[in-house]
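Colleague: Take this structure, written in structure tokens, and hold onto it; I'll ask about it next.
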Amino acid sequence: MKPIDLDFVLGSRYSRGVLINLLGVSHRRFNQLKNTIDGATGKALSWALRRLTESGLVEKLTEDEGVGYRLTDRGELMAHVATDAETLRKRWG
């Protein structure tokens, strides 16, 4: 498991978006995430999910219906930090 790159996790709107959108749900599929993250392209979302998975924050699930993603315990903690960072970004611009 790679160390957490805080610049990537907190500095990338796609990584923040993934963490925030996975918080409080059992899992989401790729297109569900893509549709909930404003402006996300498939390429950008794939890159963010790969980095988050390599860092041990997100787990990739293989299901009969396709691929899904969920937060790990480590990811859930970081998702709360990402939520706070997003709140501050919106407040302070």
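The values are calculated or read from the model by the stated rules, or taken from the named source; none is laboratory data. Not measured: the values here are computed from a predicted model. Here the Cβ positions follow ideal geometry from the backbone for every residue, glycine too, while neighbour counts run over all protein chains shown. Heads up: the accessible areas ignore ligands, DNA and RNA and are worked out on the full protein's heavy atoms, side chains in. Shrake-Rupley method; radii C 1.70, N 1.55, O 1.52, S 1.80 Å.
Colleague: On C-alpha positions alone, give me the angle between the axis of helix 42-54 and the longest principal axis of the chain, in degrees, nearest 10.
Modeller: 90
Colleague: Using only the alpha-carbon atoms, how far is helix 13-22 inclined from the longest principal axis of the chain? Give it as 0 to 90 degrees, nearest 10.
Modeller: Here the helix axis deviates by roughly 60 degrees.
Colleague: Given just the C-alpha atoms of segment 1-50, how large is their convex hull per residue in cubic angstrom? Don't jump to the answer; show the numbers that get you there.
Modeller: Working: hull volume 4.3 nm³, N = 50.
In segment 1-50, the Cα convex hull volume per residue is 85 Å³.
Colleague: Can you give the extra length, in nm with one decimal, that the chain gains between Lys60 and Leu77 once fully stretched, where that is 0.36 nm per residue apart less the Cα-Cα distance?
Modeller: On the way: separation 17, 0.36 × 17 = 6.12 nm, distance 1.75 nm.
Full-extension gain reported as 4.4 nm.
Colleague: Quick check on packing: order 5-16, 81-92 by the mean number of other C-beta atoms within 10 Å, highest mean leading.
Modeller: Details: 5-16: 17.4, 81-92: 12.4.
Output ranking for 5-16, 81-92: 5-16, 81-92.
Colleague: So how strong a dipole does the chain carry about its Cα centre when Lys and Arg Cβ are +1 and Asp and Glu Cβ are -1, to the nearest 20 debye? Don't jump to the answer; show the numbers that get you there.
Modeller: On the way: 15 positive and 12 negative charges, 68 e Å.
The calculation lands at about 320 debye.
Colleague: Taking the Cβ of Gly93 as the center, what net charge do the other residues with Cβ under 15 Å away carry, scoring Lys and Arg +1 and Asp and Glu -1? Present the calculation step by step, with values, prior to reporting the outcome.
Modeller: Details: positive: Arg13, Arg89, Lys90, Arg91; negative: Glu86.
Every neighbour counted, the sum reads +3.
Colleague: Report the full-extension gain for the segment Arg13 to Gln32: residue separation times 0.36 nm, less the Cα-Cα distance, to one decimal in nm.
Modeller: Difference between extended and current length: 5.2 nm.
Colleague: Something else now. Mind checking the per residue accessible area of the chain for me, 1.4 Å probe, whole number of Å²? Kindly include the intermediate steps, with their values, before the conclusion.
Modeller: Details: 5760 Å² over 93 residues.
Dividing the accessible area of the chain by its residue count gives 62 Å².
Colleague: Sticking with this one: Looking at the chain, how many pairs of lysines come closer than 17 Å at the Cα, when each pair is eight or more places apart or spans two chains? Don't skip to the end; give the middle numbers.
Modeller: On the way: Lys2/Lys60; Lys34/Lys43; Lys34/Lys60; Lys43/Lys60.
Taking the Cα cut-off of 17 Å, the pair count is 4.
Colleague: Select from segment 1-70 those GluC sites (Glu not before Pro) which occupy a DSSP coil region and have at most 14 other Cβ atoms within 10 Å, ordered by residue number.
Modeller: Numbers: sites: Glu54, Glu59, Glu63, Glu65; in loops: Glu65.
Here the sparse-neighbourhood loop sites are Glu65.
Colleague: At Glu86 and Lys43, where each label point lies 7 Å from the Cα along Cα→Cβ, what is the point-to-point distance in nanometres?
Modeller: 2.4
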